[in-house]
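Undergrad: Quick one: this structure, given as structure tokens, is what I'll be asking you about.
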Amino acid sequence: MNTLIKTLIAAFTMSAAVSTGNAALPDPGMQIEKGRTALVVTDPQNDFLSPKGVTWGVVGKSVETNNAVENIETLFKTAKANDIPVFVSPHYYYPHDHGWKFEGALEKLMHNIGMFDRKSPLDVDGFSGSGADWLERYKLYIDDGRTTVTSPHKVYGPETNDLVLQLRKQGIDKVILAGMSANLCTESHMRELLEQGFEVAVVADATAAAQVEEGDGYAAALVNFRYMANAVWTTREAEQAMQAK
């Protein structure tokens, strides 16, 4: 676990203990069970994870500090090697999405900078290598014919796509969660999966977030991961857990 993550989790744990006057929050943990556990990766796309992506100026430092690109690849590779199903929940915007009559702050920004833009749901002209495409190094894992790529989520969470349906149809009720970005799509997926009755272990160094004047999205997400997830793992811990089954 890198120094930043250790420091933030330690600070949160200390503050929780002081505020409650008791021990810090419990750590329920999550046991991986073959046939019931899947890896879910949110938005492993160029606009978040490539230096050429439109958000790199605000997320790049966090991505590099966490070694997120390499850690996400380790999770893909380990899941495939251990027959753990992999699901990808992508983010795409089509021309009709730019006609929305109202938007939240980040929605407006994403539309303004053309983040995750595609020509249409059925047209992949210009898609390869675009901001909406997978990071090149992930393609051998995602495009292997065995990965479930869901329909796109449109804001942050999986309420607007078919991730939960696809997980249920494969008998999955435990999720190892990673991807981008920590306090937006990743956290929103965690929240909805928990509400839907899944166990969720978040891999804290296989995600990252924007660092802007208003605050550090990654630091904010770490607190909420600790409050809500069944487990918060490092990539190494997730790798060991997958290899043990």
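Undergrad: Could you tell me which numbered condition Asp144 fails, if it satisfies all but one of (1) touching a Ser or Thr at 6+ places or on another chain (Cβ under 9 Å); (2) farther than 27 Å from Ala105 by Cα; (3) not small (Gly, Ala, Ser)?
TA: Unmet condition: (1).
Undergrad: May I ask you to verify whether Gly35 is among the small types (Gly, Ala, Ser), modelled with pLDDT of 95 or more and in a loop (DSSP other than H, G, I, E, B)?
TA: Yes; evaluated as a whole, the condition is true for this residue.
Undergrad: Out of all the residues in region 73-94, is one or more part of a helix (DSSP H, G or I) and over 22 Å from Asp143 (Cα atoms)?
TA: No, region 73-94 has no match at all.
Undergrad: Scan region 205-233 for residues that are farther than 19 Å from Arg191 by Cα and not charged (D, E, K, R) and jot them down.
TA: Ala210, Gln211, Val212, Gly215
Undergrad: Could you tell me whether any residue of region 148-164 is part of a loop (DSSP other than H, G, I, E, B) and more than 18 Å from the chain's Cα centre (by Cα)?
TA: No: region 148-164 contains no residue that is part of a loop (DSSP other than H, G, I, E, B) and more than 18 Å from the chain's Cα centre (by Cα).
Undergrad: Do you know which of the residues in region 71-129 that are among the aromatic types (Phe, Trp, Tyr) and either more than 21 Å from Lys154 (Cα to Cα) or touching a Leu at 6+ places or on another chain (Cβ under 9 Å) (or both) is surrounded by the most Cβ atoms within 10 Å (Cβ to Cβ)?
TA: Out of the qualifying residues, it is Phe76.
Undergrad: Which of the residues spanning region 188-244 are hydroxyl-bearing (Ser, Thr, Tyr) and surrounded by fewer than 21 Cβ atoms within 10 Å (Cβ to Cβ)?
TA: Selection gives Ser188, Tyr227, Thr234.
Undergrad: A further question on this structure: So which residues in region 175-190 are touching a residue at least 60 places away in the same chain (Cβ under 8 Å) and not aliphatic (A, V, I, L, M), if there are any at all?
TA: Gly179, Ser181, Cys185, Thr186, His189, listed by residue number.
Undergrad: Could you list, ordered by first residue, the pairs with Cβ atoms under 6 Å in which the first is in region 20-37 and more than 13 Å from Ile172 (Cα to Cα) and of a type outside the set (Ser, Thr, Tyr) and the second is modelled with pLDDT under 90 and surrounded by 10 or more Cβ atoms within 10 Å (Cβ to Cβ), at least 6 apart or interchain?
TA: Ala24/Thr13; Ala24/Ala16; Ala24/Ala17; Leu25/Ala16
Undergrad: For Thr207, which of the numbered conditions (1) under 20 Å from Lys77 (Cβ atoms); (2) free of Cβ contacts under 8 Å to residues at least 12 places away in the same chain; (3) polar (S, T, N, Q) fails to hold?
TA: The failed condition is (2).
Undergrad: Say we look at region 191-204 and pick out the residues that are in contact (Cβ under 8 Å) with a residue 12 or more places away in the chain and of a type in the set (D, E, K, R); which of these is nearest to Arg226 (Cα to Cα)?
TA: Filtering region 191-204 for residues that are in contact (Cβ under 8 Å) with a residue 12 or more places away in the chain and of a type in the set (D, E, K, R), the one nearest to Arg226 (Cα to Cα) comes out as Arg191.
Undergrad: Please specify each residue of region 65-119 satisfying the condition of being polar (S, T, N, Q), over 16 Å from Ala38 (Cα atoms) and over 15 Å from the mean Cα position of the chain (by Cα).
TA: Thr65, Asn112 - these are the residues of region 65-119 that are polar (S, T, N, Q), over 16 Å from Ala38 (Cα atoms) and over 15 Å from the mean Cα position of the chain (by Cα).
Undergrad: Of the numbered conditions (1) in a helix (DSSP H, G or I); (2) closer than 23 Å to Ala221 by Cα; (3) of a type outside the set (Asp, Glu), Arg168 satisfies every one except a single condition; which is it?
TA: That leaves (2) as the condition not met.
Undergrad: Please list, ordered by first then second residue, the pairs with beta carbon atoms under 8 Å, 6 or more apart or interchain, first in region 96-109 and more than 24 Å from Leu122 (Cα to Cα), second modelled with pLDDT under 90 and in a helix (DSSP H, G or I).
TA: Glu103/His111
Undergrad: Further question on the same structure: Working only within region 211-238, note down all residues that are hydrophobic (A, V, I, L, M, F, W, C) and either under 13 Å from the mean Cα position of the chain (by Cα) or at pLDDT 95 or above (or both).
TA: Matches in region 211-238: Ala219, Ala220, Ala221, Leu222, Val223, Phe225, Met228, Ala229, Ala231, Val232, Trp233, Ala238.
The values are calculated or read from the model by the stated rules, or taken from the named source; none is laboratory data. Every value quoted in this text rests on a predicted model; they were computed, and no experiment measured them. Quick reminder, even Gly has a Cβ in these numbers, built from the backbone with ideal geometry, and neighbours come from all protein chains shown.
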